[in-house]
Structure formats: C-alpha cells, structure tokens
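Here the structure is laid out as structure tokens; the discussion comes afterwards.
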Amino acid sequence: MKTIKLTTIAIVLTFAMVSVSFAGESGAKTAKKAIKMNIEQTANLPGLVQVMHLQIDPDFMNTFRLVYTVDVDYRNYTVKVTGTYIQWSFFFNPNVTQTSHLKHVEVKR
C-alpha cells in the first residue's frame, strides 16, 4: 500500500513539474515577418527612419563591402535594409552631399 501511495505521489509531482515547465512557453514568441527594403524606400516611413537611427550604429561601415545590409526591428517586423556605403553615409550625415566623397579624388589626364 505504501508503494502505491509513493508511486502516485511521484507521478503527481512529475506531471506538476512538467506542466509548470511548459507554462513558461505558453506565451511563445510569434515569428516576426521579414521585409526587405533598400535605404531609399525607408524615406517613405518616418517611423522606420527614426527607429533606424536608434538601433543602428554607424560603425558597421568600418569594413569594406559593396552593399551593407542591416536588420532593424520595427513593430512586429524585421526589416532588412540594404544600401551602398554612399547611401548609408548620407543617411547618417544628411548635411553631406552625395557626391562629396569624390572631392578628394584627383583625375589624372
């Protein structure tokens, strides 16, 4: 009789522990939708531009690449924003003209 009582208690405790461990997963994260945009398309969404300035560190441009892609969390979406070095530098410093990077280049004839 004692064995049955101990076995029953062990089973009840096991089920209780399993149900508690799964209770934390009931609010499972919903998968975010991914959207791909180029940096010029983001100008149409002022809220996205503001979030980009908050979430993106300009130091990512320290490595040379032809195209840079950055992930930004905006509302329930993950926005993958792509742009060239010139586009990103203009995004972070709009006072600079887009052709100012060419001033230091000398043309030899």
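From (1) surrounded by 10 or more Cβ atoms within 10 Å (Cβ to Cβ); (2) at pLDDT 90 or above; (3) of a type outside the set (Phe, Trp, Tyr), pick out the condition that doesn't hold for Leu102.
It is condition (2) that Leu102 fails.
Scan the range 13-34 and give yes if some residue there is among the aliphatic types (A, V, I, L, M), over 22 Å from Tyr85 (Cβ atoms) and at pLDDT 80 or above, otherwise no. Let's see the steps before the verdict.
Kept after step one, since they are among the aliphatic types (A, V, I, L, M), are these residues of the range 13-34: 13, 16-18, 20, 23, 28, 31, 34.
Add one more test, that the residue is over 22 Å from Tyr85 (Cβ atoms), and what stays is 13, 16-18, 20, 23, 28, 31, 34.
With the extra rule that they be at pLDDT 80 or above, the set shrinks to 34.
Yes, the range 13-34 contains a residue that is among the aliphatic types (A, V, I, L, M), over 22 Å from Tyr85 (Cβ atoms) and at pLDDT 80 or above.
The values are calculated or read from the model by the stated rules, or taken from the named source; none is laboratory data. Please read these numbers as outputs of a predicted model, since none were measured by experiment. When we count neighbours, we look across all protein chains shown, and the Cβ atoms used for this are built from the backbone with ideal geometry, even at glycine.
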